[in-house]
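The structure under discussion appears below in the form of structure tokens.
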């Protein structure tokens with residue numbers, strides 16, 4: 001058994017362990033069980049407690065029962081049966097009964113349960129489950145319940161409200177301690193706290209949840225990221241376009257998005273009964289710019305880019321700082337080209353991604369990987385378009401990944417409904433994976449929108465559309481880099497590059513003159529006037545995580561040198577103004 005398979009079994013078994021323990025802690029409560037899978041980080045289980053209140057205050061007594069179950073080392077066995085028997089087993093649980101019905105309607109004829117069995121052969125717990133699991137409860141190791149939250153049955157806000165309980169499981173205490181240290185470090189880097197502390201963004205109840213407001217410093221970060229990508233991609237011929245924020249639903253009915261995502265859109269009523277939606281993506285709009293005139297093969301490739309805000313009606317419980325919002329600003333681009341141009345255009349996009357993440361020091365061999373996201377052959381009905389075009393697109397992307405030396409893995413079922421893609425995943429400073437940049441080949445939308453160009457023979461052909469994102473959603477990208485750098489941004493990206501601290505009021509005139517010179521040369525400076533002690537101002541400057549603090553006193557004025565302290569260091573150093581300006585400009 002592989003290590004990964006063992007951990008899946010451990011987490012899945014821990015989910016059942018927690019479920020039985022909660023039933024033991026609440027013997028007088030009729031508990032209905034929702035889904036309870038393992039996850040990449042641990043496990044969770046959804047519960048309907050009825051009128052009974054459950055919270056994190058109950059974790060200790062549940063964990064105590066879980067340890068009792070581990071110490072008893074109950075054997076875990078699988079029980080397979082037909083639908084009628086399975087239905088009787090689940091008769092008291094409305095959610096399990098619903099799952100059984102769905103499995104039956106999907107053609108399933110064999111249903112599996114997993115049992116905890118004592119030494120006498122008595123079943124003390126049985127749960128409908130596909131598995132896999134460990135051989136006994138004693139093999140689970142150590143565990144910890146981490147949080148609970150609200151959830152809806154099957155993610156549908158119109159259905160029952162449930163309580164979702166999360167946990168983690170590990171083979172030993174050392175592994176659990178490593179995880180707890182990781183959580184402690186992640187808490188220090190939480191972008192929601194740092195965003196407020198560093199005055200980057202805020203939320204307002206009057207504006208609404210999931211709709212962030214960016215301060216001048218936060219807006220600088222957004223603009224700097226956008227400008228950096230623009231500077232890199234300009235040499236590859238991308239041109240900026242601009243589109244409105246609303247559209248008639250007809251646009252998404254043609255693209256195919258309406259059928260799949262209409263419940264996630266904000267609907268807008270216009271005058272005289274006109275119906276619009278706030279745009280959730282940009283690609284259908286960009287097709288209409290292409291379609292505004294007849295194109296020749298000589299015009300291709302045509303490359304559009306735009307950084308623009310889209311809107312999605314996320315569930316309130318799914319909103320999370322900048323990571324999950326209702327207004328997301330996409331760094332978006334689309335290339336319209338011939339089939340012969342696909343590979344080179346895709347490689348150009350890969351190069352833009354490479355240069356951008358190299359600048360962030362995140363493109364190292366151990367820092368990123370690529371998912372080749374393709375169709376799931378078991379569910380062809382989920383995808384639009386012709387099979388031969390999908391085959392071409394997937395082959396193109398695999399060849400590009402190999403020729404560009406990308407460390408990639410083929411993942412079935414992760415393609416969008418209109419095309420396969422290369423998804424770039426990057427590790428942050430504490431080892432978490434983030435899916436950010438994307439290159440996607442799309443034969444479907446050009447066909448659905450009847451896009452054409454005049455080919456070399458004078459006839460009409462359909463172009464191919466390549467979707468690209470470098471940073472992806474700027475909001476989500478900001479949440480990543482705030483946590484990756486723990487708010488201590490590199491000099492080129494920092495909204496404020498240096499604080500100037502005059503020792504006392506008689507040094508302030510010199511400090512303001514110095515700030516003016518640095519600003520005139522492109523530096524980003526703030527002054528901490530001498531209203532508090534120098535030591536306190538130095539500590540405050542460190543709290544703000546500004547790359548440099550510059551102290552101005554009698555010696556600095558006389559010697560025409562700067563005394564600077566780098567963020568995170570305790571020692572000062574002397575430097576000339578010219579040398580310091582070079583540091584800021586590099």
Between residue 376 and residue 235, take the C-beta separation as r, use R0 = 51 Å, and let me know the FRET efficiency to the nearest 0.05.
0.85
If each of residue 207 and residue 183 carries a label point 7 Å out from its Cα toward its Cβ, how far apart are those two points in nm?
3.1 nm
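Can you order the peptides 328-337, 87-96 by their average number of other Cβ atoms within 10 Å per residue, highest first?
Working: 328-337: 24.3, 87-96: 16.2.
Highest-to-lowest ranking by the protection proxy: 328-337, 87-96.
Calculate how large, on average over all directions, the projected area of the Cα convex hull of region 498-585 is; give the answer in nm² to one decimal.
5.1 nm²
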Rank-order 253-262, 389-398 by packing density, defined as the average count of other C-beta atoms within 10 Å over each peptide's residues, highest first.
389-398, 253-262
Taking the convex hull of the Cα atoms, report for region 3-185 its projected area averaged over all directions, in nm².
11.4 nm²
Shape category assigned to region 424-576 from the gyration tensor of Cα positions, a/c cut at 1.5
prolate
Counting only DSSP beta bridges with both residues in the chain, what percent are antiparallel, rounded to the nearest 5?
85 percent
For the peptides 532-540, 411-419, 479-487, what is the packing order when you average, over each peptide's residues, the other Cβ atoms within 10 Å and list the highest mean first?
479-487, 411-419, 532-540
Determine, for 581, 18, the number of other Cβ atoms within 10 Å of each Cβ, and report the residues in order from fewest to most.
581, 18
With the Cα gyration tensor of region 127-214 giving a ≥ b ≥ c as the square roots of its eigenvalues, does the rule (a/c under 1.5 for rounded; else a/b larger than b/c for prolate; else oblate) give rounded, prolate or oblate?
oblate
Only helices counted: for the chain, with every DSSP H run of 4 or more residues adding -39500 (n - 2.57) and the sum spread over all residues, [θ] at 222 nm is -10500 deg cm²/dmol
Tell me the label-point distance for the pair residue 433, residue 57, using the 7 Å Cα-to-Cβ offset, in nm and rounded to one decimal.
3.9 nm
Rg/Rg_globular for region 333-382, with Rg_globular taken as 2.2 N^0.38 Å and Rg from C-alpha atoms
1.54
To make sure I understand, if each residue's beta carbon is the centre and we count other beta carbons within 10 Å, what order do 465, 294, 281 fall in, fewest to most?
294, 281, 465
Among 503, 551, 140, which comes first, then next, by fewest other beta-carbon atoms within 10 Å?
503, 551, 140
Cα gyration tensor shape of the chain, rounded if a/c is under 1.5, else prolate or oblate by comparing a/b with b/c:
oblate
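Only the coordinates and a few stated rules stand behind these numbers; no lab work does. What you see is a predicted model, and the numbers here were worked out from it, not measured in a lab. Backbone-built Cβ (ideal geometry, glycine too); neighbour counts: all protein chains shown.
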